[in-house]
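Let me give you the structure first, and then I'll get to my questions.
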2 protein chains.
Amino acid sequence: MEELRVFAPATVANLSCGFDVLGCCLDSVGDEMIVRKNDLNKTRITKITGQDLPLDADQNVAGVAVNALLKDLEVQQGFDIEINKRIKPGSGIGSSAASSAGAVFAVNKLLGDPFDKTQLVSFAMKGELLASGNAHADNVAPALMGGFSLVRSYCPLEVLALPVPEDLRVVILHPLIEIKTRDSRSIIKQTVSLKSAINQWGNLAAFISALYTNDYDLLGRSLVDEIVEPVRSILIPYFRELKLLSQDCGALGFGISGSGPAVYALCRGDENAQKLKEEINIFYGKKGIDFELHVSKINREGVKIL
Amino acid sequence: MEELRVFAPATVANLSCGFDVLGCCLDSVGDEMIVRKNDLNKTRITKITGQDLPLDADQNVAGVAVNALLKDLEVQQGFDIEINKRIKPGSGIGSSAASSAGAVFAVNKLLGDPFDKTQLVSFAMKGELLASGNAHADNVAPALMGGFSLVRSYCPLEVLALPVPEDLRVVILHPLIEIKTRDSRSIIKQTVSLKSAINQWGNLAAFISALYTNDYDLLGRSLVDEIVEPVRSILIPYFRELKLLSQDCGALGFGISGSGPAVYALCRGDENAQKLKEEINIFYGKKGIDFELHVSKINREGVKIL
């Protein structure tokens, strides 16, 4: 096998009560990538369409992630990577993670699967480190593994795959505004009250239970973030109104996707999700802010060969 | 039915990563209570053996819990309560919770089960409020419901019953020393670093997953408390040595039970648990501190009729 074309999915990280540890994989939003072996013994980003991103492999998350893999494997093999970038950088739905995950997945396949998915997560994290200065795993893990991913530990890295209730749908709104990563980070307090932390871990624990028991109502009650959302949401135009709209439309939960500006709602069933999408479309359409809006199933597979 | 005899079990709350939200019910340690209707239209504590505790119903956790139930139900019925107290107050294994839970369970039965178990938890919490000034639920919930209980929310009260892996055993060591509740509480910081909180909720989420998947190794890796244990453990003689001993004996995890001084270890299988019990017996036997030591299954039933 000399060449692979893959779908590299968008992801929602920082899922409310699961800040920094819980993410899920989307189905209907993602990049396409073509990865092929070359004889040049080096990784090249040969083409990027859709977005203006660096072609220098050392400055591109896909190149950095692939080189981390190749260095670990100690093989002398070059790869050419083409990226059709459909996920906008800075959106909050794992743009860099998709490129990193897609690239290491394809290279691993072309080399005969020397690594398992958890190992691939650790290589893709090198791309995240380049993109945001922080080697977080809660986008690359669900991008590679599909479904819901829980990052239990970073040192050593341990990622768990969680069950996916069949009827879950995700509505994603991406307001096309720029939030500087620096602002989005600096706004978060580095200490929290013990009381809030206890509420948060009670909710996350209940959310995990709900995934195993297909308890949609419990999923909804547990999707609460009283630590990060209250401060980060002020950077997102009409966050509060969108949250109320989601509740009115019967969404299970609503919160910030990643570090924003995208927001997500979890819904039970296609009909509820499409209804919410329409309502958001009407509401946000009047606000003078460009936006993208998607409904997606949870992608159980993660990155896949096209 | 005029009279009931019940077994009111001991419990382990604050289970490491599940501080304040997660508890489990023990099988081999507990009080016995006899509750019978009287014609006096009042709740009386008629007999307490085993410990020196108040006979005034308004000063006894069982009396207070029962009166909260009767007040809510608006019935004119008196009850006499006898308690054979085998769980020492101040032990850290839910002594007050056992009395409160046993009393409301028995009264509820004698009245024809007007309340479900979650409602009983809220009445039993009134006993906890009397005992410790804090109406916490992570002892009374597992005492009433059995197994592992997760307190997702206090307002409104929501308690989840979690699955119990078959081979789990609990080793409980109760050093017979007094730790003042005031000291045990005041030592806990009311703010925590976001980083530690994230680690804690990642571990608790993984612990919940492990309960559903019977993954004993994951249970063990997740039983980490980096928030409360590091400070509270200094009040417990030889905590560090006991933890190392537990690890050497292959225990899945080790931590403080409740607010101490009792400590618990989770083990896989009877043999491992008995071996650890013997090792602790030898180790602690040389330290000049009186202690009690138990091995218990997880009690899936909670309070039960004898």
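How many nm is it between the label spots at B:D52 and A:L55, if each spot is 7 Å from the Cα in line with the beta carbon?
Output for this residue pair reads 8.8 nm.
Using unit Cβ charges (K, R positive; D, E negative) and no other charged atoms, how large, in debye to the nearest 20, is the dipole of segment A:184-306 about its Cα centre? Please list the in-between numbers first.
Values: 15 positive and 14 negative charges, 69 e Å.
In total the dipole reaches around 340 debye.
At 0.36 nm per residue, minus the direct Cα-Cα distance, what do A:K189 and A:N84 gain on full extension? Give it in nm, one decimal, please. Present the calculation step by step, with values, prior to reporting the outcome.
Working: separation 105, 0.36 × 105 = 37.80 nm, distance 3.67 nm.
Extra length from A:K189 to A:N84 when fully extended: 34.1 nm.
Peptides B:115-122, B:287-294, B:58-65: what's the order by average Cβ count within 10 Å, highest mean first?
Numbers: B:115-122: 19.5, B:287-294: 13.6, B:58-65: 24.1.
Per-residue mean Cβ counts within 10 Å order the peptides as B:58-65, B:115-122, B:287-294.
Now a separate question. In what order do A:D225, B:D80 fall by count of nearby beta-carbon atoms within 10 Å, going from fewest to most? Intermediate results must be reported in sequence, preceding the final value.
On the way: A:D225 23, B:D80 17.
Lowest to highest Cβ neighbour count: B:D80, A:D225.
If the label for B:M1 sits 7 angstrom from Cα along the Cα-to-Cβ line, what are its distances to the same label in every other copy, in nm to one decimal, shortest first?
Nearest to farthest, the other copies are at 6.3 nm.
At 7 angstrom along the Cα-to-beta-carbon line, where would the label on B:P230 sit relative to the other copies? Give the distances in nm, shortest first.
2.4
Aspartates and glutamates near B:K243 by alpha-carbon distance under 13 Å, same-chain residues fewer than 8 away left out - which ones?
Once the sequence-local aspartates and glutamates are set aside, what remains near B:K243 is B:D225, B:E229, B:E279.
Moving on. Calculate the tail of P(r) for chain A: the fraction of all Cα-Cα distances greater than 31 Å, expressed in %.
26 percent
In sequence order, what are the phi-derived ³J(HN,Hα) couplings for segment A:290-306 according to the Karplus relation 6.51 cos²θ - 1.76 cosθ + 1.60 with θ = phi - 60°, rounded to whole Hz, with x for glycine and proline?
The phi angles translate into 5, 7, 10, 9, 9, 10, 9, 6, 6, 7, 7, 9, x, 3, 9, 6, 9 Hz.
Which pairs, out of A:K109/A:K304; A:K275/A:K297; B:K71/B:K109; A:K37/A:K88, put more than 21 Å between their alpha-carbon atoms? Don't skip to the end; give the middle numbers.
Values: A:K109/A:K304 11 Å; A:K275/A:K297 15 Å; B:K71/B:K109 16 Å; A:K37/A:K88 27 Å.
Among A:K109/A:K304; A:K275/A:K297; B:K71/B:K109; A:K37/A:K88, the Cα-Cα distance tops 21 Å for A:K37/A:K88.
Percentage of Cα-Cα pair distances in segment A:1-48 greater than 13 Å, rounded to whole percent?
Values: 779 of 1128 pairs.
When all Cα pairs of segment A:1-48 are counted, 69 percent exceed 13 Å.
Which of the three applies to segment A:17-117, rounded, prolate or oblate, going by the alpha-carbon gyration tensor with a ≥ b ≥ c and a/c under 1.5 meaning rounded? Mind showing how you got there, number by number?
On the way: a/c = 2.00, a/b = 1.36, b/c = 1.47.
Note, shape of segment A:17-117 comes out oblate.
If the elastic network links every pair of Cα atoms under 10 Å, which of A:V75, A:V104, A:V164 fluctuates the most in the Gaussian network model of chain A?
Top of the fluctuation ranking is A:V75.
How far apart are the A:Q119 label points across copies, placing each 7 Å from Cα toward Cβ, in nm, shortest first?
Counterpart label points of A:Q119 in the remaining copies fall at 5.8 nm.
Can you figure out the FRET efficiency of A:E3 with A:L157, using R₀ = 25 Å and their beta-carbon distance, to the nearest 0.05?
Numbers: r = 30 Å, r/R0 = 1.19.
Using R0 = 25 Å, I get an efficiency of 0.25.
Please identify, among B:A206, B:A101, B:A141, the residue showing maximal mean-square fluctuation in a Gaussian network model of chain B using a 10 angstrom Cα cutoff.
B:A206
Here is a further query. Give the long-range amide H neighbours of B:G253: residues separated by 5 or more places, or on another chain, with amide H under 5 Å away, using H modelled in the peptide plane at 1.01 Å from N.
When sequence neighbours closer than 5 places are left aside, the close amide H contacts are B:L266.
Ok, one more. Could you tell me which residue out of B:A97, B:I236, B:V159 lies farthest along the dipole of chain B toward its positive end? Charges go on the beta carbon: Lys and Arg +1, Asp and Glu -1, centred on the Cα centre.
So the residue we want is B:I236.
Would you work out the charge dipole size for chain A about its Cα centre, treating the Cβ of every Lys and Arg as +1 and the Cβ of every Asp and Glu as -1, and quote it to the nearest 20 debye? Walk me through the numbers before you get to the answer.
Values: 32 positive and 37 negative charges, 92 e Å.
Dipole of chain A, to the nearest 20 debye: 440 debye.
Another one. Contact order normalised by length for chain B, with contacts defined as Cα pairs under 8 Å and 6 or more residues apart; what percent is it?
Numbers: 705 pairs, mean separation 76.4, N = 306.
Relative contact order for chain B comes out at 25 percent.
Please give the average number of partner chain Cβ atoms lying within 10 Å of the Cβ of each residue in B:153-161, rounded to a whole number.
Mean partner shielding for this stretch: 3.
Let me ask another. About the Cα centre of segment A:154-243, how large is the charge dipole given +1 on each Lys and Arg Cβ and -1 on each Asp and Glu Cβ? Please answer in debye to the nearest 20.
The calculation lands at about 460 debye.
Gain in length, A:L73 to A:E271, computed as 0.36 nm per residue apart minus the alpha-carbon separation, to one decimal in nm?
Values: separation 198, 0.36 × 198 = 71.28 nm, distance 4.69 nm.
Full extension of this stretch gives 66.6 nm more.
Would you mind getting me the FRET efficiency between B:K42 and B:T213? Use the beta-carbon distance for r and R0 = 30 Å, nearest 0.05. Write down the numbers at each step before the final one.
On the way: r = 50 Å, r/R0 = 1.66.
FRET efficiency, B:K42 to B:T213: 0.05.
On to the next question. Would you mind telling me which residue in B:D217, B:D270, B:D27 has the biggest mean-square fluctuation in a Gaussian network model of chain B, where springs connect alpha carbons within a distance under 10 angstrom?
For chain B, modelled as a Gaussian network with Cα springs under 10 Å, the answer is B:D217.
Relative contact order of segment B:105-246: what whole-number percent is it, with Cα pairs under 8 angstrom and at least 6 residues apart? Don't jump to the answer; show the numbers that get you there.
Working: 110 pairs, mean separation 21.0, N = 142.
So the answer I get is 15 percent.
Charges on Cβ only, +1 for Lys and Arg, -1 for Asp and Glu, centred on the Cα centroid of the protein assembly as shown; of B:I227, B:A262, B:L15, which one is farthest towards the dipole's positive end?
B:I227
Here's a follow-up. When the Kirkwood radius is taken over all Cα pairs of segment B:239-306, what Stokes-Einstein diffusion coefficient follows at 4 °C and 1.567 mPa s, in µm²/s?
Details: Rh = 13.0 Å.
Using the Kirkwood radius from Cα pairs, D works out to 100 µm²/s.
Percent relative contact order of segment B:168-297, based on C-alpha pairs within less than 8 angstrom and at least six residues apart? Don't skip to the end; give the middle numbers.
On the way: 183 pairs, mean separation 55.1, N = 130.
Computed value for segment B:168-297: 42 percent relative contact order.
From the Cα gyration tensor of the protein assembly as shown, with a ≥ b ≥ c the square roots of its eigenvalues, which class applies: rounded if a/c is under 1.5, or else prolate if a/b is larger than b/c, or else oblate? Can you show the working numbers first?
Values: a/c = 2.72, a/b = 1.82, b/c = 1.50.
Prolate shape, in that a/c is at least 1.5 and a/b is the bigger ratio.
Among residues other than B:K42 whose Cβ falls under 11 Å from its Cβ, what is the net charge (Lys/Arg +1, Asp/Glu -1)? All intermediate terms of the calculation are to be shown ahead of the outcome.
On the way: positive: B:R44; negative: B:D39, B:D58, B:D80.
Around B:K42, the surrounding residues sum to -2.
Quick check on segment A:168-297: take the gyration tensor over C-alpha atoms, sort the square-rooted eigenvalues as a ≥ b ≥ c, and tell me if it's rounded (a/c under 1.5), prolate or oblate. Show your work: numbers first, answer last.
On the way: a/c = 2.21, a/b = 1.07, b/c = 2.07.
Here segment A:168-297 falls in the oblate category.
We did not get these values from a lab; they are worked out from the coordinates using the rules stated. Everything quoted here is computed from the prediction, not taken from an experiment. Methodologically, a virtual Cβ is constructed for each residue, glycine included, from the backbone with ideal geometry; neighbour enumeration extends over all protein chains shown.
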